[in-house]
1. Being β-branched (Val, Ile, Thr), in contact with an Asp or Glu (Cβ under 7 Å, 6 or more places away or on another chain), without any contact (Cβ under 8 Å) to a residue 60 or more places away in the chain and within 21 Å of Arg114 (Cα to Cα), is that true of even one residue in the range 85-93?
2. Could you grab me the full set of residues in the range 77-104 that are surrounded by fewer than 17 Cβ atoms within 10 Å (Cβ to Cβ) and either of a type in the set (S, T, N, Q) or closer than 14 Å to Val48 by Cα (or both)?
3. Can you say whether Thr118 is exposed (fewer than 13 other Cβ atoms within 10 Å of the Cβ) and outside any helix (DSSP H, G or I), as far as the supplied structure shows?
4. Kindly list, by first and then second residue, each pair from a residue in the range 172-188 that is in contact (Cβ under 8 Å) with a residue 40 or more places away in the chain to a residue that is of a type in the set (Phe, Trp, Tyr), limited to pairs with Cβ atoms under 8 Å and residues at least 6 apart or on different chains.
5. What number of residues within the range 121-171 are among the aliphatic types (A, V, I, L, M) and under 17 Å from Thr190 (Cβ atoms)?
6. Within the range 18-75, how many residues turn out to be touching a residue at least 60 places away in the same chain (Cβ under 8 Å) and among the polar types (S, T, N, Q)?
7. Given the criteria farther than 16 Å from Leu182 by Cα and either among the β-branched types (Val, Ile, Thr) or touching a residue at least 40 places away in the same chain (Cβ under 8 Å) (or both), does Val126 qualify?
Amino acid sequence: MTGSHLTVDVAHHGRAAIVRLAGEIGLRTVGHLRSALLKCLADEPSGVVVELDGTTVGAPIALGAFGTLARRAAEWPGVLVALAVSDGTVRDLLRRTALDEAVPTFSTVAEAVRALGTMPERQHAVMELPAEIASAARARRFVNDTCEGWNVDGLCEDACLVASELVENAVHHARSQALLRLDLSRGILTISVRDDAPAPPRRHTVGTAPTGGRGMYIVDVIARAWGYAPTWAGGKVVWAVLSDGA
């Protein structure tokens, strides 16, 4: 994937995404970089390693894209982002901008991948749903059974409601089949729904939404956090995070 003078190649090591950059990181390429990194998160990997050897930095402020990615990844899908770079000039810039404190930085990809292996285990469950009205009810049953199996009964009711709204949003507004995924780690439950439509979800407030259009308002009220990310295929993933303190 190429944007201006920056190339982004994505490979995988197990379920971890290895992102190799080549070219200049600057003001003209940071938008392309940010978009590509968010699409990596949409695949919900176990972690992300960004290799910076082979890059030059035209504008140090553009390095902030990695801090943004790390914060987003910690929230959803709840994974670690690490940088791998041996180039002394780039490492010095990371130190001067304090990014090496915000984002774990290693000399090699192998070291960064080993660091990903120290993250807590995540349980996950996936269900494919057709573009049918009945899919929301199927999603609720799936979430209920999964929460019971994972012994997170306290999150079950909210999780069923959030999943139902996200699936209904995909079926009715995106007019798409949906891929529902649940992830549990350290008592934090993440619900995500992938659909084929690129349009971002819209949050209507009570009194302004069309009939059946308050789904994201409900999600916003219930979830600790929510958002969306574009996918490589041109669709999107809408996600929400629940915890006992939400």
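What follows draws every value from the coordinates through simple rules; no lab data is involved. Not measured: the values here are computed from a predicted model. As a convention, Cβ positions derive from the backbone with ideal geometry for all residues, glycine included, and neighbour counts pool all protein chains shown.
1. yes
2. Listed by number, the residues that qualify are Ser86, Thr89.
3. Taking the combined requirement at face value, the residue satisfies it.
4. Sorted first by the residue in the range 172-188, then by its partner, the pairs are Leu180/Phe142; Leu184/Trp150.
5. Residues in the range 121-171 being among the aliphatic types (A, V, I, L, M) and under 17 Å from Thr190 (Cβ atoms): 14 in total.
6. 2
7. Judged against the criteria, Val126 is not a match.
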